[in-house]
1. So, in the range 185-208, how many residues would count as being without any contact (Cβ under 8 Å) to a residue 60 or more places away in the chain and over 18 Å from residue 167 (Cβ atoms)?
2. When you go through 67, 55 one by one, which is the residue that is at pLDDT below 90 and either part of a strand (DSSP E or B) or more than 26 Å from residue 9 (Cβ to Cβ) (or both)?
3. Can you tell me which of 201, 226 is more than 28 Å from residue 133 (Cβ to Cβ) and buried (at least 21 other Cβ atoms within 10 Å of the Cβ)?
4. Go through (1) under 24 Å from residue 265 (Cα atoms); (2) modelled with pLDDT of 90 or more for residue 118 and report which single condition fails.
5. Suppose we filter 255, 249, 265 for residues that are loosely packed, with under 14 Cβ neighbours inside 10 Å, out of contact with any helix residue (DSSP H, G or I) (no Cβ under 6 Å at 6 or more places or on another chain) and part of a helix (DSSP H, G or I); which single one remains?
6. Collect the residues in the range 141-177 that are crowded, with 16+ Cβ neighbours inside 10 Å and closer than 30 Å to residue 109 by Cβ, keeping them in residue-number order.
7. Within the range 28-39, count every residue that is in contact with a helix residue (DSSP H, G or I) (Cβ under 7 Å, 6 or more places away or on another chain) and either closer than 17 Å to residue 10 by Cα or surrounded by fewer than 14 Cβ atoms within 10 Å (Cβ to Cβ) (or both).
């Protein structure tokens, strides 16, 4: 998400906030528009999921989802009342958590309502952290998928480790997995991918997905042909990055994704804890 887009969304959420009976709230109708839902009925389904999540957390739903009406103008110049809800910050957070994750505004909202501060820098950094943790989880799934595919084609766990290492060597300009761990000062026993920047994690994921696809399409069997395929795919990804001026082996190490994930989960627990505190809904 670009900085300009973050600033625009930040302004929209700030502008939409209002005081309802002494509580900081957002109109569900306003939120529907900001989050990119064209139909109210579709957005209500998301709100209902959020209400269930609130109840499951043993937090009073009525404290965070208030049924209210909203007056809207008609073409004739008159007005009519439509269904609306006043949503607390916690309610908005639950709505975002249950929304369409493919929408950039949803990803922003999850962070905006999760943090207690509205500082642009903190929101932007948390979005980057979420994106990196998500990319790391996606890589793990892709590697697990590839492992399952090639296991049925005569490749055991030991051979898979060798194939994956050969792929790393191709991607990192002949630096092996161990070479990169030493280069980036990664502790023994920790996976290389946990300390790679988001771009490199996604590069590894793309090469892995290509290998999974081509192993099936080409009906490859055995360690050697599958290893060659994985090496070729990593070389292709490296070439693409090189054409854009990026050398994966020269990118600096990033914070351990396992620590980042714990930090993000801790932030989410704080949201729930804050919502349970007496008077926590007051501005």
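1. Within the range 185-208, residues that are without any contact (Cβ under 8 Å) to a residue 60 or more places away in the chain and over 18 Å from residue 167 (Cβ atoms) number 3.
2. Just a single option satisfies the conditions, and that option is 67.
3. On inspection, the qualifying residue turns out to be 226.
4. Only one criterion is unmet by residue 118, namely (2).
5. After applying the criteria, what remains is 265.
6. Answer for the range 141-177, where residues must be crowded, with 16+ Cβ neighbours inside 10 Å and closer than 30 Å to residue 109 by Cβ: just 142.
7. The total comes to 7.
Here's the yes/no breakdown for (1) part of a helix (DSSP H, G or I); (2) out of contact with any helix residue (DSSP H, G or I) (no Cβ under 6 Å at 6 or more places or on another chain); (3) modelled with pLDDT of 95 or more; (4) closer than 30 Å to residue 126 by Cβ:
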position	(1), (2), (3), (4)
153	no, yes, no, no
169	yes, yes, yes, no
181	yes, no, yes, yes
189	no, yes, no, yes
194	yes, no, yes, yes
227	yes, no, yes, no
236	yes, yes, yes, no
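The values are calculated or read from the model by the stated rules, or taken from the named source; none is laboratory data. Everything quoted here is computed from the prediction, not taken from an experiment. Cβ coordinates were reconstructed from backbone atoms using ideal geometry, including for glycine residues, and neighbour counts include every protein chain displayed.
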